[in-house]
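The values are calculated or read from the model by the stated rules, or taken from the named source; none is laboratory data. Quantities reported herein were computed from a predicted structural model and do not represent experimental measurements. Cβ placement follows ideal geometry from the backbone for every residue including glycine, while neighbour counts extend to all protein chains displayed. Note: areas computed on protein heavy atoms with side chains; ligands, DNA, RNA excluded. Shrake-Rupley method; radii C 1.70, N 1.55, O 1.52, S 1.80 Å.
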Amino acid sequence: MSERSRAVIIGAGHWHFELYQPGWSRHHDIAGVVDDDESVARARAAILGARAWTDLGAMLDEAGRIDVAYVLGRHASMPWAAAELVRRGIPFVLEKPGASNLRDLRELSSLARRANVPAAAALVQRFGPLPALAQEVGEVQHARYTFLAGPPERYIDSGNPWMMQRNESGGGCLALLGVHFADMFLHTQHAHERSHDDVTVRSSVSNAMHGRRVDDHATALLRTPSGRSATIEVGWTFPAGAPLQRLVSYVLTGSEATAVIDTEGNLSVISRDGTVAERHVDVEADNLYPLFVERVHESLQRGLAGLPTLDDLTAAMGLISRAYVDAAAGYAVDDTAWQAASLQDPALSVRR
């Protein structure tokens, strides 16, 4: 799609707004911005040269032509907002994790599929170096993904204190960060296996470091029936104010080679005969959001074809849900996230 498309932004107070914004400004004319907080809606709309609303229905009624909507905001409210878009036939992008529990996410995915409304999930690591690297090393047998970000106070400081409320967020670092690497596992190692249900999930989840109501460190071990495995370690454990924003480390062991990436993006590809090839790759996750917006814009005329789907997100969050369940016996926080049934407030249900 060469000409600029018209988009709306839902839940503009989300901390990823600043990451998306350069891509939105480059590829979209923003027809409207909505947030529950009027001051936030106005401030974010001013950045994008758009009109602000606090009521989603009013914005969708009055904004004119909408080519695509981006659904951010509180996780518990995402399914309801996206369901309204489905009812109106508006293509949309869903920020992960897409809901505060697995049932609502599954229902939303089914709703969009039945209505034939194009939808994509913001699994942005698909557009980083990992998928191509997985092909370079051959069939990936074992992978290790470590992604340790800054402390949870950054969500509060960015105006998103609801992230510490389990009924609103659905979980902490495992739900927010781990989903990317659960998707990498499914996308690169599990594509030819029979069923996601066949994956064995073992995990350890903790909130010991910061004592919040959501997890701040988690490790999950995923294993397919054929023995392929991935270890995922995520956390909000990296010091605030450090020169680096986060610690990143990836290892992919394939049939042809092993690839090792460090926080600086230094990549070593070690072949089976011991030959080492070194180069640099960009591992800065923040850079993936404008690229993702570009892919959204380019794929609009094809119904968002080629982008991660809601089914992809649901499959990845299914593994995350099972990781929470497996860890529940040793998890100090009550009401473990993605185990719970849908929230009781009908305003947060896709069946509204």
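A few points about this structure:
- The stretch 146-224: C-alpha pair distances exceeding 18 Å, %: 46
- Label-to-label distance, nm, for residues given as ASP286 and ASN116 (7 Å Cα→Cβ offset): 4.3
- Helix 102-115 and the long axis of the chain differ in direction by around 60°, with both axes built from C-alpha atoms.
- Charge tally for GLY265 (other residues, Cβ to Cβ under 15 Å; Lys, Arg +1; Asp, Glu -1): -4.
- C-alpha long axis of helix 78-88 to longest principal axis of the chain, angle in °: 60
- Probe 1.4 Å, protein heavy atoms only - accessible area per residue of the stretch 1-131 in square angstrom: 36
- For the stretch 92-101, the Karplus equation 6.51 cos²θ - 1.76 cosθ + 1.60, evaluated at θ = phi - 60°, returns couplings of 8, 10, 10, 5, 7, x, x, 5, 9, 7 Hz by residue, with Gly and Pro reported as x.
- Relative contact order computed over the stretch 48-160 (Cα-Cα under 8 Å; 6+ residues apart), in percent: 19
- Restricting the calculation to Cα atoms, the chain shows an Rg/Rh of 0.96 when the hydrodynamic-style radius is the Kirkwood one.
- ³J(HN,Hα) computed for each position of the stretch 202-212 - Karplus, 6.51 cos²θ - 1.76 cosθ + 1.60, integer Hz, glycine/proline x: 10, 7, 10, 10, 9, 10, 5, 6, 10, x, 7
- Computed over the stretch 205-272, Kirkwood Rh from alpha-carbon pairs, angstrom: 14.4
- Across the stretch 65-76, rounded Karplus estimates of 3J(HN,Hα) from the backbone phi angles (6.51 cos²θ - 1.76 cosθ + 1.60, θ = phi - 60°) give 5, 10, 7, 7, 10, 9, 9, 10, x, 5, 4, 5 Hz, Gly and Pro being marked x.
- Using a cutoff of 8 angstrom between alpha carbon atoms and counting only pairs six or more residues apart, the relative contact order for the chain works out to 22 percent.
- The sum of -39500 (n - 2.57) across all DSSP H runs of n ≥ 4, divided by the residue count of the chain, sets its helix-only mean residue ellipticity at 222 nm to -9000 deg cm²/dmol.
- For the stretch 91-160 versus the stretch 271-298, the gap between their alpha-carbon centres in whole angstrom: 16
- Rg ratio (alpha-carbon, reference 2.2 N^0.38 Å) - the stretch 7-108: 0.98
- For ASN101, residues with placed amide H under 5 Å, excluding near neighbours: none
- Cα gyration tensor shape of the stretch 56-156, rounded if a/c is under 1.5, else prolate or oblate by comparing a/b with b/c: prolate
- If you take the alpha carbon atoms of the stretch 130-278 and fit the smallest convex hull around them, that volume is 118 Å³ per residue.
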